[in-house]
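Quick notes on the structure that follows.
The values are calculated or read from the model by the stated rules, or taken from the named source; none is laboratory data. Every value quoted in this text rests on a predicted model; they were computed, and no experiment measured them. So basically every Cβ, Gly included, is an ideal-geometry build from the backbone, and we count neighbours across all protein chains shown. Side chains included, ligands, DNA and RNA excluded: accessible areas come from the protein's heavy atoms. Shrake-Rupley method; radii C 1.70, N 1.55, O 1.52, S 1.80 Å.
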Amino acid sequence: MTELELNKIVEFYQKYLGTLEKDVVRFYIEEHLKYGTIDYAIDDKGDVIGLCRWNINGTTAKIIDLAIAPEWRKKGLGKHFLVRALKIWKNVTHLEFKRGLRQDDRKRLIPVEAILKRNIF
């Protein structure tokens with residue numbers, strides 16, 4: 001990964017998930033790149049349009065961050081991240097996440113097959 005690509009990912013994170021300082025975000029992204037637990041998408045102009053970061057715990061993938069640029073939402077990008085992750089982490093059977101929207105802070109544990117059949121992301 002080039003420095004420019006890394007900077008674009010950090011900037012995207014700051015814009016849509018800006019809860020952490022830039023240096024901390026950069027560190028987390030670099031660490032997740034080492035373990036293959038981050039995925040991102042770019043458009044044809046080279047701009048980052050989506051980012052997903054997770055931790056693997058046995059058969060469960062816990063989504064830490066998922067952000068998609070507004071103009072790319074509801075187009076299957078989140079599901080695309082899951083499909084690509086399942087090619088690497090074949091033992092994952094469930095996905096865990098907290099939905100931080102609308103004061104809905106409950107954890108959800110959903111079988112991967114249910115997500116792939118429906119349009120949850």
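Descriptive notes on the structure:
- Under the criterion of Cα pairs below 8 Å and six or more residues apart, the relative contact order for the chain equals 18 percent.
- Ordering of 25-37, 48-60 by packing [mean C-beta count within 10 Å, highest first]: 48-60, 25-37
- One decimal place: the segment L109-T93 gains 4.8 nm when fully extended, by the rule 0.36 nm per residue minus the C-alpha distance.
- Cross-link reach list, lysines versus K107, counting only Cα pairs under 21 Å and skipping chain neighbours closer than eight places: K62, K79, K98, K117
- The portion of the accessible surface of the chain made up by carbon and sulfur, rounded to a whole percent, is 52 (1.4 Å probe; DNA, RNA and ligands excluded).
- Computed 3J(HN,Hα) for segment 78-88, one whole-Hz value per residue from the Karplus formula 6.51 cos²θ - 1.76 cosθ + 1.60 where θ = phi - 60°, is x, 5, 4, 4, 5, 4, 5, 5, 5, 5, 8, glycine and proline marked x.
- Note that the chain presents 65 Å² accessible area per residue, ligands and nucleic acids not counted, probe 1.4 Å.
- Backbone geometry of segment 36-51 corresponds, through the Karplus equation with coefficients 6.51, -1.76 and 1.60 at θ = phi - 60°, to 3J(HN,Hα) couplings of x, 10, 9, 9, 8, 10, 10, 8, 5, 8, x, 8, 6, 10, x, 8 Hz, x marking Gly and Pro.
- Unit charges on C-beta of K, R, D, E only; dipole of the chain, Debye: 740
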